[in-house]
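The values are calculated or read from the model by the stated rules, or taken from the named source; none is laboratory data. What you are looking at is a predicted structure, and each value in this text was computed from that prediction instead of being measured. Cβ coordinates were reconstructed from backbone atoms using ideal geometry, including for glycine residues, and neighbour counts include every protein chain displayed. What goes into the accessible areas is simple: the full protein's heavy atoms, side chains included, and nothing from ligands, DNA or RNA. Shrake-Rupley method; radii C 1.70, N 1.55, O 1.52, S 1.80 Å.
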Amino acid sequence: MYTTKVNYILGIADNALILGQRLSELCGHGPSLETDIATTNIALDLLGQTRSYYQYAAELQGGEATEDTLAFLRKEREYKNVLLVEQPNTDFGYVMARQYMFDVFHLLLLEQLQNSNDEVLAAIAKKSIKEVSYHKRFSGDWIKRLGDGTEESHNRIQEAFDNLWTFTNELFLMTADDTAMVEAGVGVDVAALKAAWTQEITALLTEATLTVPDLKYFLKGGKEGIHSEHMGFILTEMQYMQRTYPNMTW
């Protein structure tokens, strides 16, 4: 159904789509107007990146594929995003912990992807780096603020990291499509990013007076299309219009 390259692109794009969808749920619910607008803009950045990936994937796939069909008309098992990005917005601490852990990974990925021998993917990566650099700075500042703030803010952000940490190892798992694209000079060896990610996360958590969780068991499945119970609810809301009014246009 999908070629190896299309599957690889969808794996990157789906992370941005689902996290963008999660952040969009917070529009109008931020702890302050400035933070609310910033979070919404991050969601828009991610959705903009998603469009670039899906447009390219649709071009490669051909037929009747479009950015809209890839975003809205696939079934749950066809989405390849990691479990981390689909976790719910439990509270602001969870939102920022999830965001920061993904942002650090995302920036490391894009810095390598801009060296891809696929000119389109390299261009998307180069264009996205500036945006994701801001995302990481924004979420990182909040981690420090919450961790080294009040007793309640410290406890809540620590709890968020403790509970979300179990989803982080999946960021660095290589699928068969990932491996094939690395061998072709197109993709990024995400397994090789783990050491840099861990070092950066550890440094910031230490600065924020937080403790790096010590877990031996990690959850996975999203990259293979096996998602948490949250994914179905996300897709129900996200796909409602397209499935209720097929072939609609604005």
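Before moving on, here are some points about what is shown:
- Matching residues in segment 191-209 - criterion: being in a helix (DSSP H, G or I) and farther than 17 Å from R137 by Cα: A191, A192, L193, K194, A195
- Only one of the listed residues (V188, V212) is over 23 Å from K5 (Cβ atoms) and part of a loop (DSSP other than H, G, I, E, B). That residue is V212.
- Boolean, L10 is out of contact with any His (no Cβ under 7 Å at 6 or more places or on another chain), hydrophobic (A, V, I, L, M, F, W, C) and over 24 Å from G221 (Cβ atoms): no
- Scanning segment 31-70 for residues that are open to solvent by less than 70 Å² (accessible area, probe 1.4 Å) and farther than 21 Å from I124 by Cβ yields S32, T35, D36, A38, T39, T40.
- Of all residues in segment 9-44, those satisfying the criterion of being in a helix (DSSP H, G or I), within 22 Å of F167 (Cβ to Cβ) and not hydrophobic (A, V, I, L, M, F, W, C) are G11, D14, N15, G20, Q21, R22, S24, T39.
- Every listed requirement among (1) touching a residue at least 12 places away in the same chain (Cβ under 8 Å); (2) of a type outside the set (V, I, T); (3) surrounded by 13 or more Cβ atoms within 10 Å (Cβ to Cβ); (4) in a helix (DSSP H, G or I) is met by K220 save one, (4).
- When restricted to residues that are in contact (Cβ under 8 Å) with a residue 40 or more places away in the chain and closer than 20 Å to T40 by Cα, segment 72-104 contains 20.
- Residue within segment 71-81 that is surrounded by fewer than 20 Cβ atoms within 10 Å (Cβ to Cβ) and among the aromatic types (F, W, Y) present: yes
Here's the yes/no breakdown for (1) among the acidic types (D, E); (2) touching a helix residue (DSSP H, G or I) at 6+ places or on another chain (Cβ under 6 Å):
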site: C27; (1), (2): no, yes
site: S32; (1), (2): no, no
site: T39; (1), (2): no, yes
site: D45; (1), (2): yes, yes
site: G48; (1), (2): no, no
site: S52; (1), (2): no, yes
site: R77; (1), (2): no, no
site: N89; (1), (2): no, yes
site: F92; (1), (2): no, no
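- Within segment 161-171, being surrounded by fewer than 21 Cβ atoms within 10 Å (Cβ to Cβ) and hydroxyl-bearing (S, T, Y) holds for one residue alone: T166.
- Evaluation of M174 against (1) of a type in the set (A, V, I, L, M, F, W, C); (2) closer than 14 Å to G11 by Cβ; (3) surrounded by 18 or more Cβ atoms within 10 Å (Cβ to Cβ) (one fails), failing number: (3)
- The set of residues in segment 197-211 that are loosely packed, with under 14 Cβ neighbours inside 10 Å and in contact (Cβ under 8 Å) with a residue 40 or more places away in the chain comprises E207, T209, T211.
- On the stretch given as segment 83-128, residues that are among the basic types (K, R) and either under 28 Å from V212 (Cβ atoms) or open to solvent by less than 30 Å² (accessible area, probe 1.4 Å) (or both) total 1.
- Screening K194 with (1) of a type outside the set (A, V, I, L, M, F, W, C); (2) over 30 Å from T3 (Cα atoms); (3) surrounded by fewer than 18 Cβ atoms within 10 Å (Cβ to Cβ) gives one miss only, at (2).
- Residues in segment 129-157 that are among the acidic types (D, E) and farther than 13 Å from H106 by Cβ were compared, and the one that is most open to solvent (accessible area, probe 1.4 Å) is E151.
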